[in-house]
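The values are calculated or read from the model by the stated rules, or taken from the named source; none is laboratory data. Treat the numbers as computed from the prediction; the structure is a model and nothing was measured. Glycine gets a Cβ as well: all are built from the backbone with ideal geometry, and neighbour counts include every protein chain shown. These area figures cover heavy atoms from the full protein model, side chains too; ligands, DNA and RNA do not enter into them. Shrake-Rupley method; radii C 1.70, N 1.55, O 1.52, S 1.80 Å.
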Amino acid sequence: MKETPLSNCERRFLLRAIEEKKRLDGRQTYDYRNIKISFGTDYGCCIVELGKTRVLGQVSCELVSPKLNRATEGILFFNLELSQMAAPAFEPGRQSDLLVKLNRLLERCLRNSKCIDTESLCVVAGEKVWQIRVDLHLLNHDGNIIDAASIAAIVALSHFRRPDVSVQGDEVTLYTPEERDPVPLSIHHMPICVSFAFFQQGTYLLVDPNEREERVMDGLLVIAMNKHREICTIQSSGGIMLLKDQVLRCSKIAGVKVAEITELIQKALENDQKVRKEGGKFGFAESIANQRITAFKMEKAPVDTSDVEEKAEEIIAEAEPPSEVVSKPVLWTTGTAQIGEGIENFWGDLEDSGKEDEDEGGSDEAIILDSIKMDTGVEVPNIGSQDAPIVLSDSEEEEMIILEPDKNPKKIRTQTISAKQEKAPSKKPVKKRKKKRAAN
């Protein structure tokens with residue numbers, strides 16, 4: 001995917017802001033973006049954030065045969081990868097001109113400057129030496145890749161620990177971290193790259209350009225320097241002609257910036273080593289700031305509970321009493337109920353109302369039975385009495401045996417009432433029977 005070009009309006013806006021000594025992120029001309037260094041759980045793993053530019057550094061080692069012309073020196077290998085995760089313009093599986101230039105600049109800055117003692121990496125001369133590999137992955141691209149990559153490389157090398165070895169005759173014994181403590185690398189100095197962007201053919205100068213400023217710049221000057229103000233390498237690109245005074249001014253600015261960055265790196269390494277010795281929590285998860293969605297922990301505020309009772313009494317004394325006290329704020333209407341712990345049961349009211357309905361139904365049945373007595377002349381037992389049994393049958397006459405306690409069964413012949421007649425009829429049939437009775 002090709003990089004989206006800047007429009008003419010954006011280009012003119014950026015150049016006009018640079019002429020007025022203004023930058024989009026509010027920095028001054030010589031200001032660096034904020035640098036944040038985070039360490040992983042393993043030695044030699046770190047993430048460096050230069051503004052929004054993020055680089056992951058990982059150092060590994062292995063025992064290999066040395067080079068023929070340098071039998072007593074170890075091997076240093078640097079590899080920088082630009083993935084599409086950092087920017088869509090980077091093509092995977094292909095080395096672009098930018099990637100080749102950055103890798104060469106890193107090798108000149110770190111390997112050719114002899115910042116690491118390669119002779120201390122020799123185990124057996126001519127047979128076994130340590131090969132130190134530094135892998136740098138660009139996680140997010142927002143300009144000035146070389147500065148962030150150089151910081152990540154030197155931080156990872158300073159943080160790395162190689163396994164300890166011992167040689168007895170022809171035998172080489174490699175010890176695990178549990179058996180012997182790992183050995184740090186021997187680092188002489190820390191070379192750090194500082195980039196300067198030039199605009200309008202060298203008229204205007206910016207330190208640490210971001211991605212948009214890199215698109216409109218005319219040339220770039222990279223100076224690699226350590227805190228002793230020793231220039232390790234210098235590279236100019238873009239085809240612009242620089243004066244001697246401009247290069248000297250840039251070198252002075254680079255000396256100040258390198259001293260500040262070196263101090264920041266040393267503090268970060270000391271803090272990480274202190275946390276590991278004390279047995280505290282360390283790693284990328286602990287470096288994430290709190291009060292975010294991705295936070296894994298929240299700070300707890302201390303609460304003073306020494307005079308809680310006194311404060312509670314003062315609050316109660318100062319509080320105004322309520323205007324009206326309601327004993328039962330919930331009013332239940334007829335036909336509602338609720339069952340629960342500590343709540344009164346209202347199902348009894350519903351049962352009472354059901355009984356009243358049954359009593360009304362019983363009065364209607366009494367009227368019907370009276371009318372039946374007058375019409376047929378047959379006595380019907382009282383339904384409401386407990387001793388008299390209630391016989392339900394569909395037939396008009398039948399022979400039945402009624403079992404009663406302490407009595408012999410007797411055969412009686414009664415005229416029973418059908419089940420249909422026992423049911424409580426509606427008000428309309430009652431009125432009809434009253435009319436029939438009046439006619440008789």
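Taking the options GLY93, GLY126, GLY143, name whichever one is on the phi > 0 side of the Ramachandran plot and in contact with a helix residue (DSSP H, G or I) (Cβ under 7 Å, 6 or more places away or on another chain). Going through GLY93, GLY126, GLY143 in turn, the sole match is GLY143. Confirm whether ASP135 is over 16 Å from SER60 (Cα atoms) and in contact (Cβ under 8 Å) with a residue 24 or more places away in the chain. No; evaluated as a whole, the condition is false for this residue. Of all the residues in the range 140-149, those that are of a type in the set (S, T, N, Q) and open to solvent by 40 Å² or more (accessible area, probe 1.4 Å) number 1. Of all residues in the range 88-99, those satisfying the criterion of being surrounded by 12 or more Cβ atoms within 10 Å (Cβ to Cβ) and modelled with pLDDT under 85 are PRO88, ALA89, PHE90, GLU91, SER96. Filtering the range 150-185 to residues that are open to solvent by 50 Å² or more (accessible area, probe 1.4 Å) and touching a residue at least 24 places away in the same chain (Cβ under 8 Å) leaves ARG161, VAL167, VAL172, LEU174, PRO184. Of all the numbered requirements in (1) within 29 Å of LYS267 (Cβ to Cβ); (2) in contact with a Leu (Cβ under 6 Å, 6 or more places away or on another chain); (3) among the aliphatic types (A, V, I, L, M), VAL129 misses one, and that requirement is (1). Per the listing LEU102, LEU110, LEU106, LEU76, the residue uniquely in contact with a Phe, Trp or Tyr (Cβ under 6 Å, 6 or more places away or on another chain), in contact (Cβ under 8 Å) with a residue 12 or more places away in the chain, open to solvent by less than 20 Å² (accessible area, probe 1.4 Å) and not basic (Lys, Arg) is LEU106. Screening ALA259 on (1) aliphatic (A, V, I, L, M); (2) modelled with pLDDT under 75; (3) in contact with a Lys or Arg (Cβ under 7 Å, 6 or more places away or on another chain) shows it passes everything except condition (2).
Within the range 113-130, the set of residues being open to solvent by 70 Å² or more (accessible area, probe 1.4 Å) and either in contact with a Gly (Cβ under 9 Å, 6 or more places away or on another chain) or assigned to a helix (DSSP H, G or I) (or both) comprises just one member, GLU119.
Quick one: would you say VAL155 is modelled with pLDDT of 90 or more and β-branched (Val, Ile, Thr)? The answer is yes for VAL155. Among residues that are under 35 Å from the mean Cα position of the chain (by Cα) and farther than 16 Å from CYS61 by Cα, ALA156 is not included. Residues in the range 202-225 that are of a type outside the set (Gly, Ala, Ser) and without any contact (Cβ under 8 Å) to a residue 40 or more places away in the chain were compared, and the one that is most open to solvent (accessible area, probe 1.4 Å) is THR203. For the range 42-61: of the residues being of a type in the set (S, T, N, Q) and open to solvent by 40 Å² or more (accessible area, probe 1.4 Å), which is nearest to the chain's Cα centre (by Cα)? Among them, the one singled out is GLN58. Just so you know, in the range 247-275 the residues that are aliphatic (A, V, I, L, M) and within 13 Å of SER38 (Cβ to Cβ) include one that is surrounded by the most Cβ atoms within 10 Å (Cβ to Cβ), and it is ILE265. Scanning the range 15-41 for residues that are open to solvent by less than 30 Å² (accessible area, probe 1.4 Å), out of contact with any strand residue (DSSP E or B) (no Cβ under 8 Å at 6 or more places or on another chain) and part of a loop (DSSP other than H, G, I, E, B) yields a single hit, ARG27. ILE261 - would you say it is outside any strand (DSSP E or B), more than 30 Å from THR4 (Cα to Cα) and under 41 Å from the mean Cα position of the chain (by Cα)? So ILE261 fits the description; yes.
Residues of the range 93-126 that are in contact with an Asp or Glu (Cβ under 9 Å, 6 or more places away or on another chain) and over 28 Å from ILE234 (Cα atoms): CYS122, VAL124.
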